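Visitor: Can you keep this structure in mind? I'll have questions shortly.
The values are calculated or read from the model by the stated rules, or taken from the named source; none is laboratory data. The structure presented is a predicted model; accordingly, all values stated were derived computationally and were not measured. Please note: Cβ atoms are built from the backbone with ideal geometry, for glycine as well, and neighbour counts cover all protein chains shown.
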Amino acid sequence: MTQLEAAKKNIITEKMAAVAKAEGLAPEAIRDEIARGAVVIPSNIGRVIPAYCGIGRGLKTKVNANIGSSLGREDIKLEIKKLRMAVEAGSDTVMDLSTGPRLKEIRRLVLKESAVPVGTVPVYEMAADTTVPEKGIVALEKNDVLSCLEGQAKEGVDFFTIHCGVTRKALEILRAEGRVLGVVSRGGALTSRWMAETGEENPFYEHYDDILAIAKRYDVTLSLGDGLRPGCIEDATDKAQITELITLGELAKKANERGVQVMIEGPGHIPIHQIKRNIELEKDLCNNAPFYVLGPIVTDIAPGYDHITAAIGGALAASFGADFLCYVTASEHLRLPTPEDVREGVIAAKIAAHAADISKGVKGAADMDKALSSARKKRDWNEQIRLAIDPKKAAAYRKDSSLLPGEACTMCDKYCSIKLFEEAQGH
């Protein structure tokens, strides 16, 4: 029985109870939101992890970190180091996006080592492992699709990104309207390449019922991918993107009816003034299914700083109702991220998520800020560092002030405003 099926039968599972405890909410509240399709718990029935993650309405905004090898660089030890770095920094989930020759080996190690839910984009394996390898994605057949999904589900993958909204209709609209950057989703591009070569409909759309059957069997959460997401500000919120979103809403409804947990992926590159409308559209068209956004990145001109452009967009998106932020690293658009890129990307996304949770009134969010501010008032440096979202960096910066005695820091020294005001109050 899937979590969704249990919720619809008014059953509170151990995983629901665990999520409720972590969120400080009643188990009944979690159960009811899962039953409505507004919350998911990505958790394969064959995989046990220390802590389960709830994503959706009324819960803390969650953060995902992407790791994985590429054809240009494949280092298994490095990917496991990234995994550990992401989890240590506070990522709620990870996705293995490996595309190199040893992608299966990396995925199995990630599943073994990860203490958090693990997601994948199965079409990457399909492209690398078709029945006619030299033809790549073009040789993909229905059996390849279902065999790959079944295999990954058996291994314990908790959620799949499936690019089932890249339909022939949506691609016709995209071509007619024109775009600066066309299709920037790797999964969307692979799927559209297959469609162009074969002249057939998207296999993930065509065989969606079979995919639902596999997802239900293992309680794999489907993350319906935004294969036509805008890759630059100029392409944001165009007809192709919205056409795909409408299709995803229809497919999400079907998944819910079949007892399969589902969330929706969203853009992408979106200017600040369009973020609110994008969130509203997803919630309206997809019946409040959890919304998983990449950033969004709010300007195209900051390569090397896209963890910042994404944190700006992520904070706004989550404050308007997005539920799940996919981090973006400083190396986005430039190279495969390093472990330190991963760490900084997670921290930036966690800051955005927390800022949004304060705005949304998520239980306990503002209490964390009050506690740190109280420590700051007392000049209790150890407590400030302990409560910081990145204690290591806070401790390193504080160490530079250690030559000053007592309460002071090198910013203000004897002109500390908090201390001066206390002294003024004493007179």
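Visitor: Let me confirm something: among 325, 420, 372, which residue is in contact (Cβ under 8 Å) with a residue 12 or more places away in the chain and over 30 Å from residue 38 (Cα atoms)?
Guide: The match here is 372.
Visitor: When you go through 97, 140, 59 one by one, which is the residue that is of a type outside the set (Lys, Arg), under 19 Å from residue 292 (Cβ atoms) and in contact with a helix residue (DSSP H, G or I) (Cβ under 6 Å, 6 or more places away or on another chain)?
Guide: 59
Visitor: Within the range 277-300, is there a residue that is more than 18 Å from the chain's Cα centre (by Cα) and closer than 18 Å to residue 171 by Cβ?
Guide: There is no residue in the range 277-300 that is more than 18 Å from the chain's Cα centre (by Cα) and closer than 18 Å to residue 171 by Cβ.
Visitor: Residue 172 is checked against (1) over 30 Å from residue 2 (Cβ atoms); (2) not in a helix (DSSP H, G or I) and fails just one. What number does that condition carry?
Guide: The single condition residue 172 does not satisfy is (2).
Visitor: From the list 226, 219, exactly one residue is of a type in the set (Asp, Glu), closer than 23 Å to residue 310 by Cβ and in contact with a helix residue (DSSP H, G or I) (Cβ under 8 Å, 6 or more places away or on another chain). Which is it?
Guide: Within the list 226, 219, the selection yields 226.
Residues are listed down the side, and each one gets a yes or a no for (1) in contact (Cβ under 8 Å) with a residue 24 or more places away in the chain; (2) touching a Leu at 6+ places or on another chain (Cβ under 7 Å):
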position: 12; (1), (2): no, no
position: 17; (1), (2): no, no
position: 25; (1), (2): yes, no
position: 31; (1), (2): yes, no
position: 36; (1), (2): yes, no
position: 53; (1), (2): yes, no
position: 59; (1), (2): yes, no
position: 63; (1), (2): yes, yes
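Visitor: Scan (1) closer than 22 Å to residue 162 by Cβ; (2) surrounded by 22 or more Cβ atoms within 10 Å (Cβ to Cβ); (3) in contact with a strand residue (DSSP E or B) (Cβ under 8 Å, 6 or more places away or on another chain) for the single condition residue 59 breaks and write down its number.
Guide: (1)
Visitor: Here is a further query. Considering every residue within the range 392-399, establish whether at least one is at pLDDT below 95, out of contact with any strand residue (DSSP E or B) (no Cβ under 6 Å at 6 or more places or on another chain) and more than 30 Å from residue 67 (Cα to Cα).
Guide: yes
Visitor: Still on this structure: Could you please let me know if residue 43 is part of a loop (DSSP other than H, G, I, E, B) and at pLDDT 95 or above?
Guide: yes
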